[in-house]
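Note sheet for the following structure.
The values are calculated or read from the model by the stated rules, or taken from the named source; none is laboratory data. Values in this document were obtained by computation on a predicted structure and should not be read as measured data. Positions of Cβ are backbone-derived with ideal geometry, glycine not excepted, and every protein chain shown enters the neighbour counts.
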Amino acid sequence: MAVERRDGLRVVELAGAPYELGWQHGRALRAEIGALWDACERLILNARGRWFGWVASQLLHGVARVMELYLPRALRRELQGVADGSGLPYRHLLLLNCFDDLMNNFRVFDRVAARLACTAFAAGGARAADGMAIAGRNLDYYFRAEFMAAGLEPTLVLQRHVVVFRVRPRHGLPFVSVGWPGIIGTVTAQNAAGLALACLTSPTWSERPWGTPLPLLYRGIAQYATTLAAAEARLRAARRTIGNNLVLASAAERAACVVELSARAVHVSPPVGEVVVTTNHYCSPLLAREQDALINPTSPLRLERVRALLAEGPLDVARAQAILLDDACLDPAAPQWARLCNAGTIYSTVFEPGAGRLWVRAADQPDRPFVPVAVPDAPPTSALEASVQAARGD
């Protein structure tokens, strides 16, 4: 267990069995986990007063227990380890790990809902400068000011607490996950098999609480999947909760795809010209009807902006970083949100899976650089390709 501070990020090394991973996580980030829970109570649960907060907390804790029924035992053990290491009660950690799925399930809390302004893209094969795969994502989160006086404050808390976990689990693949203290699920990750993933919320009317919270489902992909097909199979086999768009990039397969998923359906969109782009809405007709009146109007604008920026030439790390930092206003009526790098951006990540490396930039200060983070035990390219061939039975 080790913690290193790098330009706005905490980089934490974890290794071992599930409980050991959790205990190390909780012990290393004890103060930060407590601060994140305090911020959740103050800025979200109790934002309308303690009585409302108590009712909301009881309801959310109860539904989180329903979601817990769909968690693998290993993840429950890891979460218990975080609780024991940090001193924060298990029930609070469970709620933090289910929070985004819970908020999307309760339409009564629409005023609490975040403004959705995320962006992700990937290029494979000839469109990737290294001939394998390059991907990028901006993760954005912002609570509506109509619900609380300072809508930006939760964003500032998340920006200040970005953590990069370098994980060597006893079972499965080593991986890197970009997240926050106390969170064992993943929304941004890359593993030693050269598989990278980035998820974006895509709201639907079919959401349900009886299923696996998606970050915890993606954790299984990061830890165990070696191919795009294996990742898709895990998504289809799971009992899903909410709508998401998931970018997957595989260095060994020299390919990428976007998986649009809801509680009801999964649709895989192959690359167009070896490039994929997604924001916060579905492009497939199969799922689009589940989003009537839920799409953020800036989402199509951001989609087209990235497509235009990727229109020509290969994508390398520097170009991916520049796209993520693009702040051209796409709609004067929404100057804060109609940008790729906008008011709600928490962090930016560029994936370089062929090199076994990610580049992560915390957005808490405008002059933050992208910091390189190596994936533990990432093999050379030839070994990556051989492992994929073996998984396919070639």
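Values computed for the structure shown
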{"item": "Number of the exception - Ala374 against (1) within 19 Å of Arg127 (Cα to Cα); (2) surrounded by fewer than 18 Cβ atoms within 10 Å (Cβ to Cβ); (3) modelled with pLDDT of 95 or more", "result": "(1)"}
{"item": "Criterion: at negative phi and in contact (Cβ under 8 Å) with a residue 12 or more places away in the chain - qualifying residue of Val272, Val258", "result": "Val258"}
{"item": "Restricting region 38-50 to residues that are touching a residue at least 12 places away in the same chain (Cβ under 8 Å) and not in a loop (DSSP other than H, G, I, E, B), the residue that is surrounded by the most Cβ atoms within 10 Å (Cβ to Cβ)", "result": "Ile44"}
{"item": "Given (1) modelled with pLDDT of 90 or more; (2) under 20 Å from the mean Cα position of the chain (by Cα); (3) more than 30 Å from Val306 (Cα to Cα), number of the condition Cys40 does not satisfy", "result": "(1)"}
{"item": "Qualifying residue in region 53-60 (condition: modelled with pLDDT of 85 or more, surrounded by 16 or more Cβ atoms within 10 Å (Cβ to Cβ) and not assigned by TED's automatic domain parsing to the domain that holds Ala237)", "result": "yes"}
{"item": "Matching residues, region 68-102, being of a type in the set (Ser, Thr, Tyr) and farther than 28 Å from Asn245 by Cα", "result": "Ser86, Tyr90"}
{"item": "Flag for Leu69 being surrounded by 16 or more Cβ atoms within 10 Å (Cβ to Cβ) and more than 20 Å from the chain's Cα centre (by Cα)", "result": "no"}
{"item": "Single match in Val275, Val247 (criterion: touching a helix residue (DSSP H, G or I) at 6+ places or on another chain (Cβ under 6 Å) and either within 21 Å of Leu358 (Cβ to Cβ) or surrounded by fewer than 23 Cβ atoms within 10 Å (Cβ to Cβ) (or both))", "result": "Val275"}
{"item": "Selection status of Val247, within 24 Å of Val82 (Cβ to Cβ), of a type in the set (Val, Ile, Thr), touching a residue at least 40 places away in the same chain (Cβ under 8 Å) and not assigned by TED's automatic domain parsing to the domain that holds Phe99", "result": "no"}
{"item": "Verdict on Arg30 being free of Cβ contacts under 8 Å to residues at least 60 places away in the same chain, under 14 Å from Leu216 (Cβ atoms) and not acidic (Asp, Glu)", "result": "no"}
{"item": "Answer residue from region 1-29, given it is over 22 Å from the mean Cα position of the chain (by Cα) and in a helix (DSSP H, G or I) and is surrounded by the most Cβ atoms within 10 Å (Cβ to Cβ) among those", "result": "Trp23"}
{"item": "Test: residue in region 189-197 that is without any contact (Cβ under 8 Å) to a residue 60 or more places away in the chain, surrounded by 24 or more Cβ atoms within 10 Å (Cβ to Cβ) and more than 18 Å from Leu14 (Cβ to Cβ)", "result": "yes"}
{"item": "Some residue of region 30-37 being in a strand (DSSP E or B), buried (at least 19 other Cβ atoms within 10 Å of the Cβ) and not basic (Lys, Arg)", "result": "no"}
{"item": "Residue in region 144-170 that is surrounded by the fewest Cβ atoms within 10 Å (Cβ to Cβ), counting only those that are at pLDDT 70 or above and assigned to a loop (DSSP other than H, G, I, E, B)", "result": "Arg170"}
